[in-house]
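Here the structure is laid out as structure tokens; the discussion comes afterwards.
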Amino acid sequence: GLASFTQVPVSRYDVVASAPGFAPQRSAVVVSRAGAAADVSLTLRAGAKVSGVVLGPEGKPVAGAQVLYQGASDWLVRADARLDHVLSEADGSFAIAALPRGSFRFVADAKNYAQGSSDVVALDGESETTGVEIRLEPSAVLRGRVLSAAGTPVAAARVRVGVKGAGMVRGGVRQ
């Protein structure tokens with residue numbers, strides 16, 4: 001059960017361990033100085049399968065959607081889009097092999113659709129959860145200009161957009 005990463009730069013890291021039949025486990029670690037060693041201990045616990053379907057605006061299945069989980073009870077629990085996603089099948093179905101106890105939201109991205117998410121789903125980490133539904137809506141384009149108070153364009157301005165709801169920004173923030 002030992003793992004070692006050598007020649008890593010001084011920085012903060014999110015260490016994630018997973019194995020078939022176990023829920024992913026995370027730990028934050030800081031390598032504080034050059035030449036230092038940082039030890040991490042992760043205890044894997046059994047997880048439970050989660051499955052559902054990705055549907056388009058008319059209720060038709062969406063194949064090839066990238067599905068990820070996001071912790072709702074613990075915002076730090078997030079799937080890495082590059083490594084942890086699953087793809088929906090031709091019938092829109094998806095399955096995530098094992099997740100721990102907690103509350104989760106499931107999000108999907110697919111070409112020609114805006115990102116969609118499920119309702120919050122409470123998992124016990126032991127029993128399989130089925131019937132998670134993610135609805136995708138048609139996509140749109142949001143455009144604008146950034147101007148100074150004098151009305152001149154501002155080059156290299158940073159622009160962010162996120163879905164606003166209940167006084168806070170949620171969903172996929174883009175920059």
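The values are calculated or read from the model by the stated rules, or taken from the named source; none is laboratory data. Keep in mind that this is a model prediction, so the values were computed, not measured. Using ideal geometry, Cβ is built from the backbone for each residue, glycine included, and neighbour counts are taken over all protein chains shown. These area figures cover heavy atoms from the full protein model, side chains too; ligands, DNA and RNA do not enter into them. Shrake-Rupley method; radii C 1.70, N 1.55, O 1.52, S 1.80 Å.
Restricting to the stretch 30-42, name every residue that is assigned to a loop (DSSP other than H, G, I, E, B) and open to solvent by 70 Å² or more (accessible area, probe 1.4 Å).
Listed by number, the residues that qualify are S32, R33, A34, G35, A37, D39, S41.
Out of (1) touching a His at 6+ places or on another chain (Cβ under 9 Å); (2) within 27 Å of G1 (Cα to Cα); (3) at pLDDT 90 or above, what's the single condition that is false for Q66?
Result: Q66 passes all but (2).
Could you tell me how many of the residues in the stretch 132-142 are at pLDDT below 95 and either closer than 16 Å to A72 by Cβ or open to solvent by 70 Å² or more (accessible area, probe 1.4 Å) (or both)?
5
Report yes if A108 is modelled with pLDDT of 95 or more and under 23 Å from the mean Cα position of the chain (by Cα), otherwise no.
Yes; evaluated as a whole, the condition is true for this residue.
In the stretch 143-173, what residues are modelled with pLDDT under 60 and open to solvent by 90 Å² or more (accessible area, probe 1.4 Å)?
Listed by number, the residues that qualify are A166, R170.
Considering only residues that are open to solvent by 80 Å² or more (accessible area, probe 1.4 Å) and over 15 Å from D80 (Cβ atoms), look in the stretch 11-29 and name the one that is modelled with the lowest pLDDT.
P20
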